[in-house]
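Heads up, the thing below is written out as structure tokens.
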Ligand SMILES: *[C@@H]1O[C@H](CO)[C@@H](O)[C@H](O)[C@H]1NC(C)=O
Ligand SMILES: [Zn+2]
């Protein structure tokens with residue numbers, strides 16, 4: 001038995017080795033390095049952008065502005081730079097359409113990036129090193145310098161192919177998204193410059209997808225930040241009595257934990273996606289009387305406070321949430337008070353739910369979906385973004401806005417160590433944007449070849465014009 005088995009082991013291990021090398025060969029094929037000279041040029045422009053450090057907390061936006069202005073000039077776009085807040089420029093490019101009466105398309109991205117913990121990076125975060133597999137490591141490679149450059153590269157290609165957009169295409173690069181966009185997108189979208197653009201459709205950031213389907217976001221959860229303060233009788237740490245601050249607050253923590261669990265369970269069971277539930281997390285707790293070595297141990301404190309980061313889904317019942325806060329989480333009857341540090345709306349400026357339709361009722365959606373498919377992509381079920389992006393400033397004005405960062409089979413690494421994007425995936429995304437732009441601004445020509453597109457009033461564009 002033993003001698004018979006040996007060759008089998010040997011053969012199967014040879015087979016495994018063969019299979020492994022075959023797999024590795026295919027992986028090489030899928031990754032597809034090396035790049036063609038043209039692809040290398042495109043990728044190196046992306047790397048150049050990534051190498052310009054725009055990291056918080058004190059980003060210098062001028063070098064990146066200079067770089068982008070050069071890109072716009074090379075491509076042949078109209079360029080405008082506005083500092084709504086000094087030191088925080090918004091860069092706006094325009095490709096004039098042939099029909100200025102049509103609502104335009106705005107492609108937005110932010111130029112800033114979040115801080116890094118250097119010690120955890122295997123390549124320097126602002127070197128944009130590409131490894132043998134084609135993975136480009138850099139802060140901002142996913143969030144979202146990729147998208148900004150893909151917009152420009154898609155336009156560059158369409159221009160070179162002789163495509164003439166019917167409606168104008170604007171590309172905005174805004175600062176400060178990572179700190180709430182107050183000095184960036186909020187100012188820009190609130191400006192007369194923006195109004196003049198007559199924007200009918202906005203694209204902004206989404207998230208990488210870990211499978212083969214692109215993710216797309218049609219709404220966002222809104223931020224409710226609040227804290228609960230408990231007042232109670234102080235007393236000796238040994239005594240049992242009612243009305244102590246920490247005990248009253250504990251009842252709230254339990255109630256909030258129950259709510260958190262019931263929402264989380266819906267995600268775990270697959271009943272709902274993460275953006276469709278309301279999340280709440282206890283982010284700080286303060287109580288007790290500090291001493292140089294710790295806390296006073298034999299006194300029950302007379303005050304305690306707990307802070308919460310809650311993200312409210314636009315699908316949530318707001319009245320019910322408010323009632324929970326008033327009656328269960330922070331009732332006055334338990335000597336509790338609460339205060340909001342931020343309480344976002346889920347509705348737009350017109351009182352409608354700030355949600356972009358992702359069905360046939362929205363002609364932009366139909367064009368978007370068709371374009372992604374034409375580029376060979378497939379879309380996952382549209383999602384609600386878990387956190388906030390600049391997209392909300394456009395949605396608040398009732399403008400259809402989709403969050404889309406074309407990255408498939410890519411680990412979600414935004415704000416994480418070793419953020420990277422594969423060069424081939426980056427290049428593929430450019431092709432997707434080419435289709436989207438042709439679809440949004442073309443004449444309804446279905447050939448897919450930009451050089452075949454004619455100017456003039458196309459059927460699809462007319463439909464959008466009248467329906468919006
Ligand atoms: C709230 O405070 C009042 C006044 O100190 C006290 O009489 C009451 O027992 C407290 N209630 C609770 C539930 O702690
Ligand atoms: Zn971002």
Spin-label model distance (nm) - residue 40 vs residue 261, 7 Å beyond Cα toward Cβ: 5.9 nm
Folded to 0 to 90 degrees: helix 62-75 orientation relative to the chain principal axis, Cα: 30 degrees
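Based on other C-beta atoms within 10 Å, arrange 80, 145 from fewest to most. Before the final figure, lay out each step's value.
On the way: 80 15, 145 28.
Placing the least packed residue first, the sequence is 80, 145.
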Rough spin-label spacing in nm, given labels placed 7 Å along Cα→Cβ, for residue 127 and residue 60: 2.1 nm
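At R0 = 51 Å, how high is the FRET efficiency between residue 291 and residue 380 if r is their beta carbon distance? Nearest 0.05 is fine. Walk me through the numbers on the way to the answer.
Working: r = 54 Å, r/R0 = 1.05.
With a Förster radius of 51 Å, E is 0.40.
Estimate the FRET efficiency between residue 195 and residue 343 by the formula 1/(1 + (r/R0)^6), using the beta-carbon distance for r and 22 Å for R0, to the nearest 0.05.
0.20
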Cα long-axis angle, helix 37-50 against the chain (0 to 90 degrees, to the nearest 10): 30 degrees
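With viscosity set to 1.567 mPa s and temperature to 4 °C, compute the Stokes-Einstein D of the chain, Rh being the Kirkwood radius across alpha carbon pairs; µm²/s, no decimals. Intermediate results must be reported in sequence, preceding the final value.
Numbers: Rh = 25.0 Å.
In µm²/s, the coefficient rounds to 52.
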Cα-only Debye scattering, segment 225-343: base-10 log of I(q)/I(0) at q = 0.11, 0.12, 0.19 Å⁻¹: -0.43, -0.50, -0.99
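Can you give me the relative contact order of the chain as a percent, contacts being Cα pairs under 8 Å and 6 or more apart?
22 percent
Kindly provide the helix-only [θ] at 222 nm of the chain, computed as the sum of -39,500 (n - 2.57) over DSSP H runs of four or more divided by all residues, to the nearest 500 deg cm²/dmol?
Numbers: 12 runs with 161 residues, N = 468.
The per-residue figure over the chain is -11000 deg cm²/dmol.
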Nearest-ten-degree value, helix 145-160 long axis tilted from longest Cα axis of the chain: 20 degrees
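For residue 236 and residue 332, what is the calculated FRET efficiency with R₀ set at 25 Å and r taken between the beta-carbons, to the nearest 0.05? Could you put the intermediate results ahead of the total?
On the way: r = 27 Å, r/R0 = 1.06.
Here the calculated transfer efficiency is 0.40.
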Simple label model, 7 Å out from Cα along Cβ direction - residue 211 to residue 373, nm: 1.8 nm
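No lab work stands behind these numbers, since they all come straight from the coordinates. Note that the coordinates shown come from a computational prediction; the quantities given were computed from them, not determined experimentally. Here the Cβ is made from the backbone with ideal geometry for all residues, glycine too, and neighbour counts use every protein chain on show.
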